[in-house]
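Structure first, then comments.
No value in this document is a laboratory result; all are computed from the given coordinates. In this text the structure is predicted, and so the values were computed from the model without any measurement. Methodologically, a virtual Cβ is constructed for each residue, glycine included, from the backbone with ideal geometry; neighbour enumeration extends over all protein chains shown.
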Amino acid sequence: MLASRLLVTSLLARLFGGVVSIVSAANGRSCVWVSVSCVVACRLKAGAHTIGAASCGFFGYRVGADAAMDPAFADQLRGSCPGAAAGGFAFLDAATPLRFDNEYYRNLRAGRGLLASDQALYADARSRGAVDRYAADQGAFFRDFAAAMTRLGRVGVRTAEDGEVRRDCRFPN
């Protein structure tokens, strides 16, 4: 059980290190992630980022400083996070924020990935093909996302008796 906890902790820690870390973490261990497509389709955050929002503290440092970010998108984000205010937020998919679709991947191709770890999917040659495929074929994204979520569901759910149910998923209780 400790090994499973260490694996999950390691994978989550590496999510913020770009695709290289995500894929090496996934392929270097015995876990449900078995391919770059699986990582790109689900990766605990990517495909699921077609819906949701992030507070300015998670992306504000990129606005105006990241050459990969579309300048018009950066201007739009400045309106959500004026100055150093961390109280604002932006949708992860500004085009269709309340719809589960493949627009998220189209956004990545246009330099409109909100989080650096999302935009890294398009920047890295190993995952760019999958991003292009999902941007062009919503059905392929839906199929691969469903398969990845099914595999993730087989990991094994822990309860308070054999694990920790966190009040805030980012921090241990």
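A few points about this structure:
- Subset of the range 109-157 that is among the polar types (S, T, N, Q) and within 17 Å of the chain's Cα centre (by Cα) - its residue that is farthest from ALA74 (Cα to Cα): SER127
- Unique match (being in contact with a Ser or Thr (Cβ under 9 Å, 6 or more places away or on another chain) and of a type outside the set (Lys, Arg)) among ALA95, ALA136, ALA120, ALA146: ALA120
- Taken over the range 146-173, the criterion of being hydrophobic (A, V, I, L, M, F, W, C) and farther than 25 Å from PHE100 by Cβ is satisfied by ALA160, VAL165, PHE171.
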